[in-house]
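Q: One structure coming up, written as structure tokens, with questions to follow.
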Amino acid sequence: MATKEEITEFLASAFPQNKSIVEQVGNASATVIHPVGFDELRPGGTVSGPVMMTVADVALYVAILGEIGIVPLTVTTSLNINFLRKPSADRSIVGVCKLLKLGRTLAIGEVSIYSQGVAEPVAHAVGTYAIPPGSR
């Protein structure tokens, strides 16, 4: 298993473009926060879909690494997202992941995505990751 600090350090070195902050990891779950600024907005004053997809993907990755350790070649094989309502343009985006299955070669999880401080989710994603053979 990897700690929040180890995962944060790994993400900073391997993905310097990543803006998501690891808030919590452990117990087959993770929470990440993505600050929203001008670059994350699309016309109409809403957070762009690709930002919310990124939050879902990062939350899944963090939850998995929290369980299997730092295995960089653990990769996304599918990601399906449903946009439920308009997120707030002036609030960070929060991704809360729960792993549903963690096998030897596949992990499946779901991510509820929120505008920070708002109870209703703005999106819901389900994703699958491939885990390299022999890494578990």
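Q: Size of the dipole of the stretch 4-130 about the Cα centre, Lys and Arg at +1 and Asp and Glu at -1 on the beta carbon, nothing else charged, in debye to 20? Let's see the in-between values first.
A: On the way: 9 positive and 11 negative charges, 68 e Å.
Using only the charged Cβ atoms, the result is roughly 320 debye.
Q: Lysines near residue 4 by alpha-carbon distance under 26 Å, same-chain residues fewer than 8 away left out - which ones?
A: Output for residue 4: 19, 98, 101.
Q: Sorting 52, 1 on the 10 Å Cβ count, fewest up front, what's the list? Could you put the intermediate results ahead of the total?
A: On the way: 52 23, 1 11.
Ordered from fewest to most neighbouring Cβ atoms within 10 Å, 52, 1 come out as 1, 52.
Q: If you average over every viewing direction, what projected area does the convex hull of the Cα atoms of the stretch 4-130 give, in nm²? Walk me through the numbers on the way to the answer.
A: Working: hull surface 28.6 nm².
Directional mean of the projected Cα hull area for the stretch 4-130 stands at 7.2 nm².
Q: Something else about it: For 101, 19, which order do you get if you count the other beta carbons within 10 Å of each Cβ and list the fewest first?
A: 101, 19
Q: Another question about this same structure. Given H placed on each backbone N at 1.01 Å, which residues far from residue 24 in sequence or on other chains put an amide H within less than 5 Å of it?
A: Sorted by chain and number, the residues that satisfy this are 31.
Q: Let me ask something additional. Taking the number of other C-beta atoms within 10 Å as the exposure measure, put 90, 57 in order starting with the fewest.
A: Going from sparsest to densest Cβ surroundings: 90, 57.
Q: Residue by residue through the stretch 4-12, what is 3J(HN,Hα) from phi via Karplus (6.51 cos²θ - 1.76 cosθ + 1.60, θ = phi - 60°)? Round to whole Hz and write x for glycine and proline.
A: So the J values, rounded to whole Hz, are 4, 5, 5, 5, 4, 5, 4, 4, 5.
Q: Quick one: Karplus J couplings for the stretch 60-67, per residue in order, coefficients 6.51, -1.76, 1.60, θ = phi - 60°, nearest Hz, x for Gly and Pro?
A: 4, 4, 5, 4, 5, 4, x, 9
Read-outs throughout are calculated quantities, based only on the coordinates presented, and are distinct from any laboratory measurement. Since this is a predicted model, take the numbers as computed values, not measurements. FYI the Cβ positions are ideal-geometry reconstructions off the backbone, even for glycines, and counts take in every protein chain you see.
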